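Q: What follows is a single structure, and I will ask about it in a moment.
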Amino acid sequence: MTRQVSDKLIWQGESYYLEESPGLPKEHDGLRVRPPDQFPANDLELSFTQSTACYRGYTATWVVIEDKLYLDTILGNRLLAERPLFADWVSRRLLAPAKPLGKHINIRFTPENIEYLQLTVDKGVVTDYAIGKGKEEAPYVSKR
């Protein structure tokens, strides 16, 4: 499978690239489907979201503001009705390399020797975070 384009996360003023997208709900008042006629053929950035490197059909920027996760921008098959949009549908652990390694992790690195930022999100609220080596749950550096 082709490596997928990463969504961006802005946390404590720093940019990270998520291992997996938090995902979007099928229906939400703050999101709507982009009509097919709104995909200009000469817009390379927008057309990239329709390639095999982006099966989900969009790329997004997420931001944490006062311990809440928001969808800030989206490019692709969805449009934001309001910005930023509180991501109350997200309840999961978000994982991102903590060292700036670019958008894609070089294949020579293994998950065990990369330091990861881990955010625990419950209904859009960041409840814990940790920074540690490997993808397994790291000891939390902060309990809220």
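The values are calculated or read from the model by the stated rules, or taken from the named source; none is laboratory data. Note that the structure is a prediction, hence the values are computed from the model and not measured. Ideal geometry is used to build each Cβ from the backbone, glycine not excepted, and the neighbour counts take in all protein chains shown.
Q: Return yes or no: is residue 91 at pLDDT 80 or above, small (Gly, Ala, Ser) and surrounded by fewer than 17 Cβ atoms within 10 Å (Cβ to Cβ)?
A: Considered against the rule, which asks whether it is at pLDDT 80 or above, small (Gly, Ala, Ser) and surrounded by fewer than 17 Cβ atoms within 10 Å (Cβ to Cβ), residue 91 comes out as yes.
Q: Select from the stretch 4-19 the residues that are modelled with pLDDT of 90 or more and among the hydrophobic types (A, V, I, L, M, F, W, C) and write down the one among them that is surrounded by the most Cβ atoms within 10 Å (Cβ to Cβ).
A: The qualifying residue surrounded by the most Cβ atoms within 10 Å (Cβ to Cβ) is 9.
Q: Go through the stretch 127-143 and count every residue that is within 30 Å of residue 26 (Cβ to Cβ) and at pLDDT below 75.
A: Residues meeting the conditions: 2.
Q: Here is a further query. Can you name every residue in the stretch 20-60 that is of a type in the set (A, V, I, L, M, F, W, C), modelled with pLDDT of 85 or more and farther than 22 Å from residue 121 by Cβ?
A: Narrowing the stretch 20-60 to residues of a type in the set (A, V, I, L, M, F, W, C): 24, 31, 33, 39, 41, 44, 46, 48, 53-54, 60.
Okay, now just the ones that are also modelled with pLDDT of 85 or more, so 24, 31, 33, 60.
Residue satisfying the conditions is 33 alone.
Q: Of everything in the stretch 97-126, what is more than 14 Å from residue 64 (Cα to Cα), at pLDDT 55 or above and not in a loop (DSSP other than H, G, I, E, B)? Give them in sequence order. I'd like the intermediate steps shown before the answer.
A: Filtering the stretch 97-126 for residues more than 14 Å from residue 64 (Cα to Cα) gives 97-116.
Filter again for at pLDDT 55 or above, leaving 97-99, 112-116.
Hits for the stretch 97-126 are 97, 112, 113, 115, 116.
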